[in-house]
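Trainee: Quick one: structure below, then a few questions.
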Amino acid sequence: MHAIIHLIKFQASNTKNLKMFKDLKLYQIFYDESSKGMISDGFIGLDNSAGPSWLYEAFPIYQFIQNSVSLNSDSWLGFFSPKFHSKTNLTSDDIVNTFYKNRDFCDPFLFSSYWHQAAGNQNVWLQGENNHPGLLYISQLLAHKSNYKINIKSSITSLQTAVFSNYFIANMKFWQEWYRVVSIYFELIKNNQKLLGKNCYLSRQKHPNTHFCD
C-alpha cells in the first residue's frame, strides 16, 4: 500500500541528505542478522540486537539521542524499521526529495503507512486503544506527566498529523523533546510495577508492557 506523505508546517533549516547532505541521516533499526539484511539503500543500520525486545525501537532511538552530543541544532534524523519500504512503497530517495522540496517550511516530515487507519479513527490514540487496549490510559498519564494540557480521548488527528511506526524525520529540537517525554515514560514504568506488569496483544500474541501498549 502506498503511503501518503504528510507535511506539518513549522520551520526548518538548511540540511544535507545521507548521500549528499551531511545533516540529514536516515537509520534503519535491525534486531538480528535477518533484519540487518533488510536494510535498504540510503539508510544507515542501527543495531538493536542487544536491546530489550519489549521496548522495540524506542530503546535504540533513546540511546542514540542520549549519546549524540555532537549533533547540532541543524541536524535532521529519521529512524525506520526494515519494513519501511514494504509498508509504504517509499525509498530513501523519496524521503530526501520530499525533504529538499519542503525543508524551508516543514518540521517534522511524516511518511505515513496505514492511512486508512488514520482516516477511520478520531485520533491515533483511539485507533491504538482499539488494537492495544490500555494504550489510551498510559498515553493520557504520560501527557499529564510531561505537562501537556491535552485531553487525548477527545482530540482529533487528521491525515496531516497522524503517523504510525515512527515513520518521520525531524530536527534536533523535536528529538530532544521526544527524548524528554520518553525519559518520563521510562521512569513511570520503572517505578510502577503495576504499569510494568501490564500486557497487550500485537499480531495476536501476548506481549509485556511496551512503549506503545500497556
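Trainee: Condition test on residue 99, is it closer than 22 Å to residue 185 by Cα, under 18 Å from the mean Cα position of the chain (by Cα) and crowded, with 19+ Cβ neighbours inside 10 Å?
Mentor: Numbers: closer than 22 Å to residue 185 by Cα: no; under 18 Å from the mean Cα position of the chain (by Cα): yes; crowded, with 19+ Cβ neighbours inside 10 Å: yes.
In short, no.
Trainee: Filter the stretch 168-190 down to residues that are closer than 29 Å to residue 104 by Cα and of a type in the set (S, T, N, Q) and give me whichever is surrounded by the most Cβ atoms within 10 Å (Cβ to Cβ).
Mentor: 171
Trainee: Considering only the stretch 45-67, how many residues are touching a residue at least 24 places away in the same chain (Cβ under 8 Å) and either touching a Leu at 6+ places or on another chain (Cβ under 7 Å) or not β-branched (Val, Ile, Thr) (or both)? Full working, then the answer.
Mentor: Our first condition is that a residue be touching a residue at least 24 places away in the same chain (Cβ under 8 Å); within the stretch 45-67, this holds for 46, 54-58, 60-62, 64-66.
Remaining after also requiring either touching a Leu at 6+ places or on another chain (Cβ under 7 Å) or not β-branched (Val, Ile, Thr) (or both): 46, 54-58, 60, 62, 64, 66.
Adding up the residues that qualify gives 10.
Trainee: Can residue 48 be described as at pLDDT below 90 and closer than 26 Å to residue 184 by Cβ? Lay out the reasoning, then the answer.
Mentor: Numbers: at pLDDT below 90: no; closer than 26 Å to residue 184 by Cβ: yes.
Judged against the criteria, residue 48 is not a match.
Trainee: Against the condition in contact with a Pro (Cβ under 7 Å, 6 or more places away or on another chain) and among the polar types (S, T, N, Q), how does residue 67 come out, does it pass?
Mentor: Values: in contact with a Pro (Cβ under 7 Å, 6 or more places away or on another chain): no; among the polar types (S, T, N, Q): yes.
No, not satisfied.
Trainee: Determine whether the stretch 154-169 contains at least one residue that is touching a strand residue (DSSP E or B) at 6+ places or on another chain (Cβ under 6 Å) and within 21 Å of residue 74 (Cβ to Cβ).
Mentor: Yes; the residues of the stretch 154-169 include at least one that is touching a strand residue (DSSP E or B) at 6+ places or on another chain (Cβ under 6 Å) and within 21 Å of residue 74 (Cβ to Cβ).
Trainee: Identify, please: which residue in the stretch 133-167 is aromatic (Phe, Trp, Tyr) and free of Cβ contacts under 8 Å to residues at least 60 places away in the same chain and is, among those, surrounded by the fewest Cβ atoms within 10 Å (Cβ to Cβ)? Working first, answer last.
Mentor: Within the stretch 133-167, the first condition is being aromatic (Phe, Trp, Tyr), and the residues that meet it are 137, 148, 164, 167.
Checking which are free of Cβ contacts under 8 Å to residues at least 60 places away in the same chain leaves us with 148, 164.
Values: 148: 11, 164: 20.
Within the stretch 133-167, the match that is surrounded by the fewest Cβ atoms within 10 Å (Cβ to Cβ) is 148.
Trainee: Looking only at the stretch 101-136, which residues are under 23 Å from residue 174 (Cα atoms), in a helix (DSSP H, G or I) and out of contact with any strand residue (DSSP E or B) (no Cβ under 9 Å at 6 or more places or on another chain)?
Mentor: 101, 124, 125, 128, 136
Trainee: Hey, another quick one. Restricting to the stretch 23-60, name every residue that is part of a helix (DSSP H, G or I) and within 18 Å of residue 92 (Cβ to Cβ). Outline the logic, then answer.
Mentor: Quick first cut of the stretch 23-60, residues part of a helix (DSSP H, G or I) only: 33-36, 53-55, 58-60.
Within the stretch 23-60, 35, 36 meet the criteria.
The values are calculated or read from the model by the stated rules, or taken from the named source; none is laboratory data. Fair warning: this is a prediction, and the values are worked out from it, not measured in the lab. Glycine also receives a Cβ, built like all others from the backbone with ideal geometry; neighbour counts cover every protein chain displayed.
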